[in-house]
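Structure first, then comments.
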Ligand code: GRF
């Protein structure tokens, strides 16, 4: 494999999914490389994983910009400067404007800790347990303007066990996330590199 897909990862926090992606990208035959990590939070724990792996990292704090659009423009500029061909959202806690999402549609993916379309949004594990569901899991999906609603790329199931708390369920789902996100990135990168997907928007 000579060409690897230049991928940017956007984080806001602990970055365990970023770490899983970095580890996967270290394999010689993996079709993607992480060219840039961006955090909107200056002290996000995940930035340490970027530093350890010598991956360029940028902090773009939301509070530095007068509006969502100005923030999204700065994000877009930084991604294009790095020649990013794909954006992976990994615990990125800012809602992106419809305009930004449309620019990157087909080239931006996200991981969500439920079996979408069930349990979109936040406080997922609390709601899963309260619903009495026996199975939960995670979904990697393309990002579209409507939150947590884009086409699914890959899902993995985990059981919801008797006595589960939101934390114990989150930990089980997170383990699945760390396998599912790299597998989905591999599939999407292969698709893009083989010319199977349209170019991103303007
Ligand atoms: C994960 O549960 C992911 O599904 C959700 O945010 C969490 C991020 O965790 N979108 P981490 O920062 O990757 O550890």
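Over region 65-120, calculate the relative contact order: mean separation of alpha carbon pairs under 8 Å at least 6 apart, over the residue count, as a percent.
Numbers: 29 pairs, mean separation 20.9, N = 56.
RCO, region 65-120: 37 percent.
Would any residue of region 139-169 have its amide N under 19 Å from a label point 7 Å out along Cα→Cβ of residue 191? List them or say none.
139-157
Calculate, in nm to one decimal, what residue 82 and residue 165 gain on full extension: separation in residues at 0.36 nm each, minus their alpha carbon distance.
Details: separation 83, 0.36 × 83 = 29.88 nm, distance 4.09 nm.
Between residue 82 and residue 165, full extension yields 25.8 nm more.
If you consider only alpha-carbon coordinates, what radius of gyration and Dmax does region 96-202 have, in Å?
15.1, 49
If all Cα-Cα distances of the chain are sorted into 5 Å bins from 0 onward, what percent lands in each bin, rounded to whole numbers?
Spelled out bin by bin, the chain gives 1, 8, 16, 20, 21, 17, 11, 5, 2, 0 percent.
Would you kindly state how much longer the chain becomes between residue 134 and residue 33 on full extension, computed as 0.36 nm times their sequence separation minus their alpha carbon distance, in nm to one decimal? Could the numbers behind the result be given before it?
On the way: separation 101, 0.36 × 101 = 36.36 nm, distance 3.63 nm.
Going from the current span to full extension adds 32.7 nm.
Would you calculate the convex hull of the Cα atoms in region 1-121 and tell me its volume per residue in Å³?
Per-residue hull volume (Cα only) is 116 Å³.
Using the C-alpha atoms of region 140-182, what convex hull volume per residue, in cubic angstrom, is computed?
Hull volume over Cα atoms, normalised by residue count, gives 82 Å³.
Measure nothing fancy, just the Cα-based angle from helix 166-193's long axis to the longest principal axis of the chain, in degrees from 0 to 90, nearest 10.
In the chain, helix 166-193 runs at an angle near 40 degrees to the longest axis.
Compute the relative contact order of the chain as a whole-number percentage, counting only Cα pairs closer than 8 Å that sit 6 or more residues apart in sequence.
21 percent
Return one number: the angle in degrees, 0 to 90 and rounded to the nearest 10, between the long axis of the Cα atoms of helix 68-81 and the longest principal axis of the Cα atoms of the chain.
So the helix axis and the longest Cα principal axis differ by about 60 degrees.
Only helical DSSP H runs with n ≥ 4 go in: add -39500 (n - 2.57) per run for the chain, normalise by residue count and round the 222 nm mean residue ellipticity to 500 deg cm²/dmol.
-11500 deg cm²/dmol
Rule-based calculations on the coordinates, nothing more; no lab input. Given the structure is predicted, the values throughout are model-derived calculations rather than measurements. Reconstructed Cβ throughout: ideal geometry from the backbone, glycine too, with neighbour counts over all protein chains shown.
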